[in-house]
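**Student:** The structure follows.
Every read-out reported here was derived from the displayed coordinates using simple, explicitly stated rules and does not represent laboratory data. Since this is a predicted model, take the numbers as computed values, not measurements. Neighbour counts are summed over all protein chains in view; Cβ atoms, including those assigned to glycine, are modelled from backbone coordinates with ideal geometry.
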Amino acid sequence: DKSGSGQPRTSHRSMLGPSTARGRPRRRPSSADPPRRRRRARETAHRALAAQPWQSPSVAALVRQATSKAPSDASPMIIEGPRGTALRAVGSATDHAVAGDALGKCIAERKKNAVEFVEMLLPPPLTDHEDARRLKPVAEYEDLPISKGATRRREESDLVFGAVLEYSDAFGKPKIVNSTAMLPEQQYLEDGRTNSKVSHLLTAGRGSSSVVWAGVGRRSAGVGEGEMAVIREAVVDSRAERLRISRLRSIKPYSAHGW
């Protein structure tokens, strides 16, 4: 794990904030300009967030659970391979085990040695003195250190996101589970538009939506879209069976990627 490399910390807000104004004269805005500028700022912020779905507010809420001292099932997980960190994730230990098994099956199925002999590193019990050290991997997952210019674009293009979502009733009991590779908030809207059960649960049923597992993989370390699709669908199947809840059906990862 390279989390102790002294990477600079950033915040969600700093990554999505407006750009710094250039020191040049500007024309006096007309009365129609402020709404237009606000709309453009919202669109820019939305595009930035969609390009970095791990910065999702729903993912951030799960990360806060994992880093909080309050009792929680959420914890960080790191899977290391020969080419460095292959997957960072946050969720329950049970879901992490399912994700690790799914990745192992991907490796065997595709008969590739690139990410062979991966090692799963789960956080050990810690004392208060050691607590800050445990949070380093989570902080790096939450705010991936991104450089500027071409280096930033290369680093972003190397990352693959996946998340498992749950829809619960008004009492917080899980009812429906799904997975996504996009910004979770976008998937909530899509599920509400296309699935009557989700729509009814979130409106008339006064239910809620949340991310229960999220991961960021690295293509260069052997976890691309195909592997991430298999991982998140495995977690969905496991939760649906374990909690006896419905799942939203999607294209099977193997058929989707031609395996």
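**Student:** Separation between the Gln186 and Lys105 pseudo-spin-labels, each 7 Å from Cα along Cα→Cβ, expressed in nm?
**Tutor:** The two pseudo-label positions are separated by 2.8 nm.
**Student:** Now a separate question. When you count, for each residue, the other Cβ atoms within 10 Å and take the mean per peptide, how do 189-195, 234-240 rank with the highest first?
**Tutor:** 234-240, 189-195
**Student:** What distance in nm separates the simple spin-label points at Thr94 and Phe171, each placed 7 Å from Cα in the Cβ direction?
**Tutor:** 1.9
**Student:** Would you mind counting up the charge near Thr94? Only other residues with Cβ under 9 Å from its Cβ, with Lys and Arg at +1 and Asp and Glu at -1.
**Tutor:** Spelling it out: positives minus negatives among the neighbours equals 0.
**Student:** Suppose the chain between Arg242 and Glu156 were pulled fully straight at 0.36 nm per residue; how much longer would it get relative to their current alpha carbon spacing?
**Tutor:** 27.5 nm is the gain from fully extending Arg242 to Glu156.
**Student:** Sorted by average packing, counted as other Cβ atoms within 10 angstrom per residue and highest first, what order do 94-105, 199-210 take?
**Tutor:** Result, highest mean Cβ count within 10 Å first: 94-105, 199-210.
**Student:** Another question, if that's okay. Test of understanding: what is the full-extension gain from Lys69 to Arg206, defined as 0.36 nm times their sequence separation minus their Cα-Cα distance?
**Tutor:** 46.4 nm
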